[in-house]
Every structure is written in C-alpha cells, then in structure tokens.
There are 4 protein chains.
Amino acid sequence: MIIEKIKLHDDPNVILTAYIQTPSEEMKATMIKPGMLILPGGGYQFCSDREAEVIALCYLKEGYQCFILNYSLNEKSKYPQPLIDSEMALRLIRKNKDKWYLDPGKIAVIGFSAGAHLATMLATSGKERPNALIVGYPAYFPIPEINYDYPLPVVDELTPDTFIFHTYSDSFVPVRNALYLANGLDEHKIPFEIHVFRDGGHGLSLGNNLVLDEFEDPMIRHYARWFVLSVEWLNRVLSPFNQ
Amino acid sequence: MIIEKIKLHDDPNVILTAYIQTPSEEMKATMIKPGMLILPGGGYQFCSDREAEVIALCYLKEGYQCFILNYSLNEKSKYPQPLIDSEMALRLIRKNKDKWYLDPGKIAVIGFSAGAHLATMLATSGKERPNALIVGYPAYFPIPEINYDYPLPVVDELTPDTFIFHTYSDSFVPVRNALYLANGLDEHKIPFEIHVFRDGGHGLSLGNNLVLDEFEDPMIRHYARWFVLSVEWLNRVLSPFNQ
Amino acid sequence: MIIEKIKLHDDPNVILTAYIQTPSEEMKATMIKPGMLILPGGGYQFCSDREAEVIALCYLKEGYQCFILNYSLNEKSKYPQPLIDSEMALRLIRKNKDKWYLDPGKIAVIGFSAGAHLATMLATSGKERPNALIVGYPAYFPIPEINYDYPLPVVDELTPDTFIFHTYSDSFVPVRNALYLANGLDEHKIPFEIHVFRDGGHGLSLGNNLVLDEFEDPMIRHYARWFVLSVEWLNRVLSPFNQ
Amino acid sequence: MIIEKIKLHDDPNVILTAYIQTPSEEMKATMIKPGMLILPGGGYQFCSDREAEVIALCYLKEGYQCFILNYSLNEKSKYPQPLIDSEMALRLIRKNKDKWYLDPGKIAVIGFSAGAHLATMLATSGKERPNALIVGYPAYFPIPEINYDYPLPVVDELTPDTFIFHTYSDSFVPVRNALYLANGLDEHKIPFEIHVFRDGGHGLSLGNNLVLDEFEDPMIRHYARWFVLSVEWLNRVLSPFNQ
C-alpha cells in the first residue's frame, strides 16, 4: 500500500490523502479496484478523525482505494468553495485511474454530518459526480446553535444511487434531514436505501470500540450494522469486482 | 407448547391461532413472555401462509408468545370490520395474560402489505393499541389494478414505537407508502426505525429459502436482515425480558 | 403446526414430542421437510427444558420438523435402554414420513451433554442411524462427581457427518471429550466440523437471553454463534430443500 | 497511517512491513494499540500476497498496528533461520512500542499454512513469544509432494492462548495438522479455540471476493466466519482496548 498526500490548491489545509493498494497477480479479480472518497464531518469547523482514517480502513478492507478529503473549513467554507474542493478531488481521482489502479466508473463518496452535506451537494449538483452516494446523519438544515447555515441540496436526475443512515434519537441533526433526502430521491425515482436506527444520537461514526467509549449497549451494535449494510448495497450498485 | 384456535365472532373464517410456550422453572427470566400478533398480507383477499406460521416461528424462537389473526376478507373487509377483528384479538390476548403467560404491556403487532395496513390502523386509531408496531411493505395508498382502496391511517400521539421495512424496487406497493408513515411518525415525535432495502420487490416475507425459490441473490440476503434488525429494536422498545 | 406426544414404550416417561409444520401450497420448496431429533442433556438424571423446546423452536424456524425425545433416566438409563429409546424414536419418525411431511433421508439428531452422548451412541452404533449428528458439549468420559459412567461411543464407517461444539472453559465436561470424537471421526475419514469456543463453561444451550441470566458478555455472544454455524453446515450436509 | 519497510538482516528479501495508525486525541481509548504480526503462507517457497496485505487491512480495521514479515525462503528456509527472522521481527516490534504506539504485552501473531508452521514454532519455542497465536490451516507434518519437511512444533507451558482454523476438506494439508495442535494445547492446559469448517480446501485466506474467484458458495461464506470469530476471541485474550 502507498499513502500519498496531495495539496489540491492554494489553501494548504485542503488535502487529499490517498490510500492505494498495489495490485497482485495472485488476485486477478481485484487488479482494478473501486474507489471511495471520504468526507469527514465537523460542522465545517474541523474534519473529525473519527470519520476519516478509521472509515478508510473499513472500505480498504472491502477492496476499495480510499481517499480522505480535508475540505475548506470555517471562513473558507463559504459555498461554493467546499463543493469546488470535492469536485477537484473527484476529478483528480478519476484522472489518476491508471496510477491508482481504479475503475473511474466505480467511485463512491461517503460523508458524515457536514461532510454528508458536502457529499450530497457534490452528488446532486457537482460538475463531477460520484457513482454512488453514502450519507451518515446528514446536516442539511440550519443549526442555529452553531451558526450552521449552508445551501440546501436538491436531488436532480443525475443524482446517483444513494444510501442514507441516521439515528432517530439524533437531537442535534434531526432525522427529518435524512427523510428530506429520501423523499427527494423517491420523487426523482433515484433508487435509494434509508436506514434509520432508533437509538444512539449524533456522530456515532462506526459505532464500535474504536470510536466510542460506550459501545457495548446492544443498540449501538444495532446501529453499527450500517457499515455492513452499506457494503452489501455497494456490491449491487457498483458491482465493484464484477460480482 | 400449546396451539389453540379461537373463533373471534360469527364469521367462521376470522380466527386467532395462539402458539403458547409453557414456562419452565429452569428459565426464570422467561416465565412471563412478550407477545406478537401477526397479520399476514394478501390484499384483503386472502391471508398468505408465507406471512403467517413461518413468521410466528421466528418470534417464538425469540421468546414471544405468537398469535396469527385471520381477519375479515373480501366483501367482509369493508372498514371498520378488519379493525374490529384486530381490536378483539388484541383485547383477548391481553385478557388471557395469565393463561398465556404474557406481559400485557409488551404486545407487539406485525403486519405485511395489507396486513401492515391493518396493523397500522390498529396502532394509530384502534380502541385497543399494541405496544409496538412492525410493518413490512405496508399498502396504504389505493392500488387500482386490484381495486384495493382502504382508509388511510393517520399517526396520532398514541401511536407506539414503530419499525418499518420495505424495498425500493417494490413496484406493486411503492416505497412512498413507507415514507408516508415515517414522515407522519416524525411529525408526531413517535420514535421509529425505517429500513428501505434497494432490491427485491414486493412480498418477500423473510427473504429466505423457506419462503422464496430464489434466495441466493446477495441482495435478498441483504433484505433478509430486516428480521434481526426488528428483534434488536424490539429488545429496546419492549425490554421483553427486562434486559 | 400440530404438536403430538407419543409414548414409545412401557415407561410412561419416555415420550417423543413431535412439532409438525403443515405444508402450504404457497411454499412448494418446503412441502417435504427435513427432521431434527433433539436429545436434551441432564446427566441421564433429567431432560433439561433449556435444551428442549427452545432448541426445537430454533430448527423449526429453519424449516425442520422437530422431535424432542424424553429418554430413559436414572435407574432406567442403564445401557442399552437409552439407545433403544432413540432407535425407536428415529424409526418412528422415518415410518411416519408421509403423515409428518418428512424426507426420511434427511433426519438429523442433536444432543447436549448426556444427550450428546446418547446422540453419538445412536450415530455410531445404532441399528437405525441419523443422517447427520450435532453434539454440544458431549459427555463421553466418566464424571465421578455425579457417578456418571456410560459406554464410550466409538466412531465406525457408518457414522454420519458430524458437527461438534464445546467450550474450552468447560470444567465439568472437559474439551477432551469433544477432541476424542473429532480424532475418531478424522481417523475414519468421516467429514466433521468442530467449534471449540474459549469461554462460557458447561451447559450454555443457545447462549442467549432466553436460557441464560448472563448473556451480554461478548464471549457468550461469541459462543452463541454455534447455532448459525450448525444451520449453515446442515444446509450442505442435508441439502434440506435441495438448495 | 505510515507504512515502513525494514530490512531485518543481510538477506535483502527478509523484510518487515509496518502499517502504523497515528493516534488521535479524539479517540482516547485507542491511543495505544495492540499489534498483529502476519506470516503469509507459501510452503516456504514464497510469501503469498493473498495472506499478506489483505489480512493486514482486516486487523487494521479492528484497531491493530499490523506487520507483515517476509521471512527466509527456499534454500534459506532451513531451520532455525525462519524462526530467527520471526524472533527478530517480534523483538523489533516490541522495542519500537513508543514510536509505533503499541502495547508490547498485546502482540499477536497470525500465520497461514507454512506461515502458520512458523507462527507456531515462534509461539511454542521462540526466545521471544507473542501474546496470542492464530493459525490458519497450519502445515506441521511433511508434505512429500513438495519436499516440505520442517521441524514439528511442540506445545510448551509458555505457549500463549491459541486460535486454530482449518477446513476438513483440505487434502493438501489434512485436518490432523490442526488436531495435532489442539491436542497438544489441551494436554498443556493452554486455552484454545479450534474451528474446523467442513468445506473449502486449502489456502482460502479470507474466503471472500477479494481473494477468491469462487466465493458465492454458501460454504465459503461459512468458512469466512473465521475472521470475525478470531476478532471476538482476540477481544477476550488481549483485551486490546481494555474492553
């Protein structure tokens, strides 16, 4: 595996980190791999480690080349800058398909919270679009407590297949954010999955012992099923290894 | 275990079948059990075997006393008759709590398709309400092809915790039926889970080799996760054995 | 479903309880079902409820017609009486194949502890043999503390495919009992599975909230995987529904 | 994450590759991590890619710092050279505990086939011992077809907790290799797990779509459960994050 950090433009904090598995002649089926672009959450104020490399490791294990984007934050997060960052990242990923052993038609994006907002902006209005979208507890509507106020993404016909997960008990980013996207996808006949888990609150990431102090609650393990569900869904939507 | 068939009223086809596990002193934690009332689907034209005893066996294994209701069908399915059947069933179950080793405050109802419509009517407007509601691919809106046209259930404040599952690819009963209920629950602040799976179509029941000829498709196994998800959810909502 | 209790011979305590699912034209693949004969444990002093109906419910859910045998106990447990009981039970099950919608070539037997001893006696030396054998924490060697001393089963060429599970930490019936059988099967080239789990002790049955007071320990959930493993194994060994 | 390649001694092919996750203040519980040393198989003739980085990615996801050892092969594989390689690797890993954010008392080793032979030599006779041992289809006994003939490892009192997996249908390295180790561990009262799966043959690695062309066979999915079982077992044996 090779790890590469790439500055996308003038802002030195906007960085794409690539985790690239080298192909092996012993595993012909995976010489060319699908890709996963990861957009961590953090209210456009920071990019949380809890939704970055630990997520990359999950999809690397599933055979994806992974990319974490540290996008424009705080005063620099005024739109369309974060969207431009993500478009640049996605374009760069596809352009480097040979160097990174990638199928450019099988690039998914996953975002969490504010990162899910950005992922949805990219997937619904980007000049460059992913082939599949995964959003975890997406923050679309304003959150007055933290002056969070960003453009509302609107599903269009080019929006790719989408997978949504959320918890009902999320009081910080209510479940209606997830339902808003599901309703929009349904209206535009974009195939989607939505998995709303009853308990857990906001920002649980993987819901396991690596990212949470409290993870033995059976309802956290229940929530943690989102990851396996997402992999099964990706297997159908991207057919990552022509399976 | 004892199996009992009970005629609920004059219509000889309206029958409640009870599957009652006898308590054992060796298993103190389960001397008193939760209950599951099962309403099979079939467009109010029949009650499908694919959503009856096979479902009862699943929840029996999880420690539930199970009850299958064959409700009023066809010309007798004019409302409120099916609702009355289900109210009578639920009332009878709670009344027999001692004979059937039941906690009357832990009675869930599960319905499929038209049975999910009936289950939702019971849970949102019944004079007797279940303590938890599970609906599989619920058919709320009219289906002109089969002259299916029944009252639309409307969530109220007394509606219990709800678990919804559906497939996006269901062309017979579109996913907007499931979203309709999720949106209503969200508006009334009733905690819910919704699990929409991308593939599979209508009426998959358990999605396994017992009810389907084609079940090795990984997406059917994906869909089949609804059952385990429902059990985990029930464990929190009902705390069936004070766990 | 029909539940039938059958006295096997003069001893009124030797009873076979049959749990028979009625076939449905809606589920053609399961009109004819495999069978599971269950031999609970209890040191030949009693038949434990914790390894009886709760086990039957598990395999019923998987589509098996289930049979619990209360075999000869205490002073009546002198061999070969229990073996004769189990031969009679197996013969009766196969004889009633039409009445009970059974494939007589797909009858497995599962036993626990002393019941696993009996199941192994039946599978290795019975005049009537099951088509597959499952043994949970089998008690082959004498246990002086309880005057437990029964004939040691010896694998022969007619012994069917076998699935063994045990916990290493079982101090009452040590793991060498399980290894004894595995070694014997290997020598006779009988295909087998063995799953020894590190923790848990003796007599855990399903290892879930229905049979244990303490089940949230992750190592108990780990142990509890034996059931799913057994079902997957049975699917190959018996091809219960020609899958 | 940082990837580092370290030459262990004169032989330029003996290389330790370290995959090191950088700690994050956001995830206090995992600032210090357990380690996994991976010994791929290949009959001491090569180190298979199918049992190297793909395995590292699995345990990285579970929070382990991972290390792949390319040990001495072919004419250089005469004992004790491979054992010395692995001792050097293990010593180096523990020595670098600060640099690599490691708990030196929580270093497991996993080996496959010939790599499992080496892992067992290390765990039963090494001057430096791992804290836990995992062996997949270990090749202890000679294999005349490929002139494979190496010292037989013998369990001693210092051997750590061990987890064994194998398939019964392995005709290249028969299951008696796995039973040999299990019997030895039992005699020395070393806690162990053994999981023998019926079907699949030799060298299946993870048993998934990344390493196999044929993986949809339900029995391969059955076999593939070894990985989750190993993680659950490690959680108890190493308590990697004091859980």
Scanning segment C:200-243 for residues that are of a type in the set (S, T, N, Q) and more than 18 Å from C:Lys61 (Cβ to Cβ) gives C:Ser239, C:Asn242
Please work out which residue is nearest to the other protein chains (Cβ to nearest Cβ), limiting yourself to segment D:149-173 and to residues that are surrounded by 20 or more Cβ atoms within 10 Å (Cβ to Cβ) and under 20 Å from C:Ile164 (Cα atoms). D:Tyr168
When you look at D:Val237, is it of a type in the set (Val, Ile, Thr) and closer than 20 Å to D:Gly35 by Cβ, yes or no? yes
Among the residues of segment B:221-243, write down those that are at the interface with chain A (Cβ under 10 Å from one of its Cβ atoms) and either under 14 Å from A:Trp226 (Cα atoms) or hydrophobic (A, V, I, L, M, F, W, C) (or both). B:His222, B:Tyr223, B:Arg225, B:Val228, B:Leu229, B:Val231, B:Glu232, B:Trp233, B:Val237
Of the residues that make up segment B:149-159, is at least one part of a strand (DSSP E or B) and over 15 Å from the mean Cα position of the chain (by Cα)? no
Only one of (1) more than 10 Å from chain D (Cβ to nearest Cβ); (2) of a type in the set (Lys, Arg); (3) surrounded by 18 or more Cβ atoms within 10 Å (Cβ to Cβ) does not apply to C:Lys127, and that is (3)
Considering segment D:99-115, residues that are among the hydrophobic types (A, V, I, L, M, F, W, C) and under 17 Å from D:Met88 (Cα atoms), and then whichever is surrounded by the most Cβ atoms within 10 Å (Cβ to Cβ), we arrive at D:Val109
Pairs, first in contact (Cβ under 8 Å) with a residue 40 or more places away in the chain in segment B:87-108, second acidic (Asp, Glu), C-beta under 6 Å, six or more apart: B:Glu87/B:Glu128; B:Leu90/B:Glu128
Got at least one residue in segment A:229-242 being among the polar types (S, T, N, Q) and farther than 28 Å from B:Asn177 by Cβ? yes
For segment B:56-101, how many residues are polar (S, T, N, Q) and under 16 Å from B:Ala132 (Cβ atoms)? 2
Kindly indicate whether C:Ile68 is on the phi < 0 side of the Ramachandran plot, without any contact (Cβ under 8 Å) to a residue 60 or more places away in the chain and within 14 Å of the chain's Cα centre (by Cα). yes
Just checking, which of C:Asn208, C:Asn177, C:Asn183 is at negative phi, in contact with a strand residue (DSSP E or B) (Cβ under 9 Å, 6 or more places away or on another chain) and among the polar types (S, T, N, Q)? C:Asn177
Of the residues in segment B:9-33, those that are crowded, with 21+ Cβ neighbours inside 10 Å and closer than 16 Å to B:Ala89 by Cβ come to B:Val14, B:Leu16, B:Ala18, B:Tyr19
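Residue-by-condition table, conditions (1) under 21 Å from A:Met1 (Cα atoms); (2) out of contact with any Asp or Glu (no Cβ under 9 Å at 6 or more places or on another chain):
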| site | (1), (2) |
| --- | --- |
| A:Tyr19 | yes, no |
| A:Thr22 | yes, no |
| A:Met31 | yes, no |
| A:Gly41 | no, no |
| A:Ala56 | yes, yes |
| A:Ile68 | yes, no |
| A:Ser77 | no, yes |
| A:Gln81 | no, no |
| A:Ser86 | no, no |
Does segment C:180-220 hold any residues that are in contact (Cβ under 8 Å) with a residue 12 or more places away in the chain, farther than 22 Å from A:Ile220 by Cα, outside any loop (DSSP other than H, G, I, E, B) and within 8 Å of another protein chain (Cβ to nearest Cβ), and which are they? C:Ala182, C:Phe192, C:Glu193, C:Ile194, C:His195, C:Val196, C:Phe197
Give the number of residues within segment D:80-106 that are within 15 Å of D:Asp11 (Cα to Cα), in contact with a helix residue (DSSP H, G or I) (Cβ under 6 Å, 6 or more places away or on another chain) and not polar (S, T, N, Q). 2
Conditions first: (1) free of Cβ contacts under 8 Å to residues at least 60 places away in the same chain; (2) in contact with a His (Cβ under 9 Å, 6 or more places away or on another chain); (3) surrounded by fewer than 21 Cβ atoms within 10 Å (Cβ to Cβ). C:Leu229 passes all but one, so which condition is the exception? (1)
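Here, each number is a calculation from the coordinates, and none is a lab measurement. Keep in mind it's a predicted model, so treat the numbers as computed, not measured. Glycine also receives a Cβ, built like all others from the backbone with ideal geometry; neighbour counts cover every protein chain displayed.
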